[in-house]
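Participant: One structure is given below, represented as structure tokens, and several questions about it will come after.
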Amino acid sequence: MRTMIHDGSSEQDLERYARTASPESVTMAQKVMAAKPRSKKCCASPAKTDGWFEYTALDSQGKERKGLIEGDTPKHVRQLLREKQLLPMEIQETRSAS
């Protein structure tokens, strides 16, 4: 729960967590959702809708891979590529998947 709050999760994420969590966690989630929203000064940049990114990355054998991936931000895309065992070299946002 603390991670979700710290990461700036949306109210929908908290509600989803509350439905699947223990009764003790539900109470905490309800308290968090009922709390006053933080001022914009302390929050990270506003949530951005998913976008498409072109990437160039190296696989585990050192071979260059290029592709298109959907993500929130370049940082999110780098994380997704690392989860796929790829080393991001270049990431560039594109307008659409086509």
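Participant: Could you grab me the full set of residues in the range 41-66 that are exposed (fewer than 11 other Cβ atoms within 10 Å of the Cβ), basic (Lys, Arg) and either at pLDDT 60 or above or in a strand (DSSP E or B) (or both)?
Facilitator: Across the range 41-66, the qualifying residues are LYS63, LYS66.
Participant: Condition first: of a type in the set (A, V, I, L, M), loosely packed, with under 12 Cβ neighbours inside 10 Å and either at pLDDT 95 or above or outside any helix (DSSP H, G or I) (or both). Can you find one or more residues in the range 18-37 that meet it?
Facilitator: yes
Participant: Can I ask one more? Anything in the range 67-98 that is in a loop (DSSP other than H, G, I, E, B), buried (at least 16 other Cβ atoms within 10 Å of the Cβ) and of a type in the set (Lys, Arg)? List them, or say none.
Facilitator: none
Participant: Taking into account only those residues within the range 76-98 that are among the basic types (Lys, Arg) and modelled with pLDDT of 95 or more, which is nearest to the chain's Cα centre (by Cα)? Spell out the reasoning first.
Facilitator: From the range 76-98, those among the basic types (Lys, Arg) are 78, 82, 84, 95; that's our starting set.
Retained after the next criterion (residues that are modelled with pLDDT of 95 or more): 78, 82, 84.
Working: ARG78: 11, ARG82: 14, LYS84: 15 Å.
The extreme case among them is ARG78.
The values are calculated or read from the model by the stated rules, or taken from the named source; none is laboratory data. From a predicted model like this one, the values you see are computed outputs, not experimental measurements. Note that each Cβ is placed from the backbone with ideal geometry, even for glycine, and that neighbours are counted across all protein chains shown.
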